[in-house]
1. Considering only the stretch 256-275, I want to know if a residue exists there that is β-branched (Val, Ile, Thr), out of contact with any Pro (no Cβ under 8 Å at 6 or more places or on another chain) and farther than 25 Å from Leu52 by Cβ.
2. Name the one entry in Ala346, Ala353, Ala286, Ala309 that is at pLDDT 60 or above, of a type outside the set (Phe, Trp, Tyr), loosely packed, with under 15 Cβ neighbours inside 10 Å and over 19 Å from Gly89 (Cα atoms).
3. Based on what the data block shows, is Arg111 under 26 Å from Ala263 (Cβ atoms), among the basic types (Lys, Arg), buried (at least 16 other Cβ atoms within 10 Å of the Cβ) and out of contact with any helix residue (DSSP H, G or I) (no Cβ under 7 Å at 6 or more places or on another chain)?
4. Somewhere in the stretch 75-85, is a residue more than 30 Å from Ser228 (Cβ to Cβ), at pLDDT 70 or above and under 32 Å from the mean Cα position of the chain (by Cα)?
5. I'd like to know if the stretch 312-332 contains one or more residues that are among the polar types (S, T, N, Q), surrounded by 18 or more Cβ atoms within 10 Å (Cβ to Cβ) and at pLDDT 95 or above.
6. So, of the residues in the stretch 241-270 that are touching a helix residue (DSSP H, G or I) at 6+ places or on another chain (Cβ under 7 Å) and of a type in the set (Val, Ile, Thr), which turns out to be surrounded by the most Cβ atoms within 10 Å (Cβ to Cβ)?
7. Where the second residue is of a type in the set (S, T, N, Q) and part of a loop (DSSP other than H, G, I, E, B) and the first is at pLDDT 80 or above and lies in the stretch 224-238, which pairs have Cβ atoms under 9 Å and are six or more apart or on separate chains?
Amino acid sequence: MKTQAPSLKPLVLSLLLATASAVFAQAAPESAGPGVHVENADKIKGVGKVVLASCGVYVLQEFDAGSTSQGGSTRGSIAMSSANLKVVGLDPQRLQAMADQLCAQAVRSVRARGLTVVELPAEGGGPAVEAWRSAGEAAPLAFDAAGGKGTIYSARGLPLLHVSEMGWLHRSSGGLFGGPKVDDDYVSLGGKMGVGFQMTKLQPLIRDLAQAQQAPLLHVRLVLAPGSVTASKGGFFASSSETKSTSALMLPAFTNRLLLTTADGAVARVSLDKPLITDQGIGELADVTSTAETAGNIALAAFSILSAASGHGRAVINNSRKQELRADPDQFETVAKAQAGAALDALAGKLAAP
């Protein structure tokens, strides 16, 4: 009796299909969530309980940018371009309510990852809690940063601990070859001269609170930029000068973060590693440059061209614009909550990572 060896074709086909599936799984992109950057991950590992110590929501409402070009000539014309964009239509009371809701969402996102979040009482709580509460600045607080001007809203019952992000934990990127420096353009109040004094005062209070609560402190920061103005690089060798305004809501990288501080002074940070930009509009862009400003630009150009023609100057072409982003409050809140919620979920995922 003869026995026939089984055909190799089905086996080979199965192996090929399994290999293809494995390769596809490796090549398939991860879930389309915001990218996250973690610093001092060893300080996060094993944390099961945190104390909510601060939650600030930064809403930018004015942007400026400008550039000048000379085309590499000391005799040719000079082109200047600048733009100012103001966000109008957002009500402070609604922004405060939204800040409270976003901070509550932050707590829910962290708890959903299995961490216990302790919320301190609005009054009392002992000397360490009272000292921590008194360290905050009056909220809401107007700020003027390199990324624009706006207002900071703190969740009710929490102190506003506004500190340059570099004061908490310095961050650079690029490895051995330097690369782009990560900066806190959106929360530096235009400079960092006083951050050392702030931290000298704040750090002992934070350590005392963490010791009293026997748990690390959680600090939440959300930065919402409903619009932007960017300018061409400009400079002596630049051939043109221009600005561009947008109405898309952006959550900048680095400054949108969850921060942990411990009783021994250690700091860990989980932050967006790329800006989170929505493709949904939140309002209408309108040019509100006055007739007088436009006439002034024209007069400057005409006068300088005449002077240049007579050999006594250089032609100056100036284009300065003023714009408004007329935001729809309902649309802004819908988009902002969705974007911030996605960011918080991604950040909380890394905060609770094993």
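1. Filtering the stretch 256-275 down to residues β-branched (Val, Ile, Thr) leaves 261-262, 267, 270.
From the residues that got through so far, the ones that are out of contact with any Pro (no Cβ under 8 Å at 6 or more places or on another chain) too are 267, 270.
When the remaining residues are screened for being farther than 25 Å from Leu52 by Cβ, the result is none.
No, the stretch 256-275 contains no residue that is β-branched (Val, Ile, Thr), out of contact with any Pro (no Cβ under 8 Å at 6 or more places or on another chain) and farther than 25 Å from Leu52 by Cβ.
2. Step by step, each of Ala346, Ala353, Ala286, Ala309 is checked, and only Ala353 is at pLDDT 60 or above, of a type outside the set (Phe, Trp, Tyr), loosely packed, with under 15 Cβ neighbours inside 10 Å and over 19 Å from Gly89 (Cα atoms).
3. No: the conditions fail for Arg111.
4. Within the stretch 75-85 (the criterion being more than 30 Å from Ser228 (Cβ to Cβ), at pLDDT 70 or above and under 32 Å from the mean Cα position of the chain (by Cα)), the answer is no, since none of the residues qualifies.
5. Checking the stretch 312-332: not a single residue is among the polar types (S, T, N, Q), surrounded by 18 or more Cβ atoms within 10 Å (Cβ to Cβ) and at pLDDT 95 or above.
6. Here the residue is Thr261.
7. Leu224/Asn256
Matching residues to (1) within 30 Å of Gln214 (Cα to Cα); (2) of a type in the set (A, V, I, L, M); (3) touching a Phe, Trp or Tyr at 6+ places or on another chain (Cβ under 8 Å):
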position: Ser81; (1), (2), (3): no, no, no
position: Val88; (1), (2), (3): no, yes, no
position: Asp91; (1), (2), (3): no, no, no
position: Leu95; (1), (2), (3): no, yes, yes
position: Leu102; (1), (2), (3): yes, yes, no
position: Ala106; (1), (2), (3): yes, yes, no
position: Ala112; (1), (2), (3): yes, yes, no
position: Val117; (1), (2), (3): yes, yes, no
position: Pro121; (1), (2), (3): yes, no, no
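The values are calculated or read from the model by the stated rules, or taken from the named source; none is laboratory data. For clarity, every value in this text was computed on a predicted model and none was experimentally measured. FYI the Cβ positions are ideal-geometry reconstructions off the backbone, even for glycines, and counts take in every protein chain you see.
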